[in-house]
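The values are calculated or read from the model by the stated rules, or taken from the named source; none is laboratory data. All figures in this text were calculated on a predicted structure; none of them were measured in a lab. Heads up, the Cβs are rebuilt from the backbone with ideal geometry, glycines too, and the neighbour counts pull from every protein chain shown.
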Amino acid sequence: MIEDFKNIEYLKSGNERQKLAYAEIKKIQILEKLKEYNPILTGTIPIGIDLPESDLDIICYCTDHSSFSSFLQQEFSHKQGFKVYATTQNETVCTIAEFKSGSFLFEVFGQSIPTEKQNAYRHMIIENRILLERGAGFKEEIITLKSSGIKTEPAFAKLLGLTGNPYVELLKLDNKHSSQ
């Protein structure tokens, strides 16, 4: 069981893709470069339900999107396919940088919400808890649904029988259990 998703050392003893992710993250020193933004690796790779095309999502806490965007440009614009843009999700401004390094697509995502409170982190914690509770068969069903084109949160909602917006309904499960 992963005790602390904020420390990526767990990837070293994970599956092959997690080990490759760890090596690439260390090679480009992305977490060290983003340190002042409290970065956390989130998404499907940390919890082992990724597909071959899954990216490495790194969430960050940024209060000044302009300087965060400039920082991302300065640090990663030399990377293949680099782009940085702003968007709004759930009425919250986000700055996102995408680029490829090694065999991974990276997505660096900044919001003015502390990383532990961002939905990407909260979803991952809840999903990890459910995977641990439900076991290997459930995990395989999630991966099968994802392979058929269903996104992660809708796949969980389908198997759990949740109705409504899967992104919202999954967060409600956080209130029913203690989180990390």
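Values for this structure:
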{"read-out": "Test: residue in the range 112-125 that is in contact (Cβ under 8 Å) with a residue 12 or more places away in the chain, under 10 Å from Y61 (Cα atoms), more than 12 Å from the chain's Cα centre (by Cα) and not in a loop (DSSP other than H, G, I, E, B)", "value": "no"}
{"read-out": "Matching residues, the range 82-111, being among the acidic types (D, E) and over 15 Å from I59 (Cβ atoms)", "value": "E91"}
{"read-out": "Any hit, the range 158-165, residues being closer than 18 Å to S54 by Cβ and at pLDDT 95 or above", "value": "no"}
{"read-out": "Sole residue being in contact (Cβ under 8 Å) with a residue 24 or more places away in the chain, within 18 Å of S69 (Cα to Cα), surrounded by fewer than 18 Cβ atoms within 10 Å (Cβ to Cβ) and not polar (S, T, N, Q), chosen from V93, V108", "value": "V93"}
{"read-out": "Residue identified as surrounded by 17 or more Cβ atoms within 10 Å (Cβ to Cβ) and within 14 Å of G102 (Cβ to Cβ) among I30, I58, I40, I47", "value": "I30"}
{"read-out": "Any hit, the range 78-99, residues being within 16 Å of I45 (Cα to Cα) and either part of a loop (DSSP other than H, G, I, E, B) or not assigned by TED's automatic domain parsing to the domain that holds K26 (or both)", "value": "no"}
{"read-out": "Residue match in the range 74-90 (condition: over 17 Å from E53 (Cα atoms) and small (G, A, S))", "value": "yes"}
{"read-out": "Boolean, T163 is surrounded by fewer than 13 Cβ atoms within 10 Å (Cβ to Cβ) and either touching a Lys or Arg at 6+ places or on another chain (Cβ under 9 Å) or part of a strand (DSSP E or B) (or both)", "value": "no"}
{"read-out": "Among residues of the range 146-157, those that are assigned to a helix (DSSP H, G or I) and surrounded by 15 or more Cβ atoms within 10 Å (Cβ to Cβ), counted", "value": "7"}
{"read-out": "Filter result for the condition that a residue is of a type in the set (S, T, N, Q) and modelled with pLDDT of 95 or more, over S179, S148", "value": "S148"}
{"read-out": "Condition check for K12: under 17 Å from the mean Cα position of the chain (by Cα) and either farther than 28 Å from E140 by Cα or without any contact (Cβ under 8 Å) to a residue 12 or more places away in the chain (or both)", "value": "no"}
{"read-out": "Every pair of residues 6+ apart whose Cβ atoms lie under 7 Å, when the first sits in the range 64-83 and is over 16 Å from I113 (Cα atoms) and modelled with pLDDT of 95 or more while the second is charged (D, E, K, R) and not in a strand (DSSP E or B)", "value": "E75/K33"}
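This table checks each residue for (1) loosely packed, with under 15 Cβ neighbours inside 10 Å; (2) part of a loop (DSSP other than H, G, I, E, B).
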| residue | (1), (2) |
| --- | --- |
| T63 | yes, yes |
| E75 | no, no |
| E133 | yes, no |
| T144 | yes, no |
| Y167 | no, no |
| L173 | no, no |
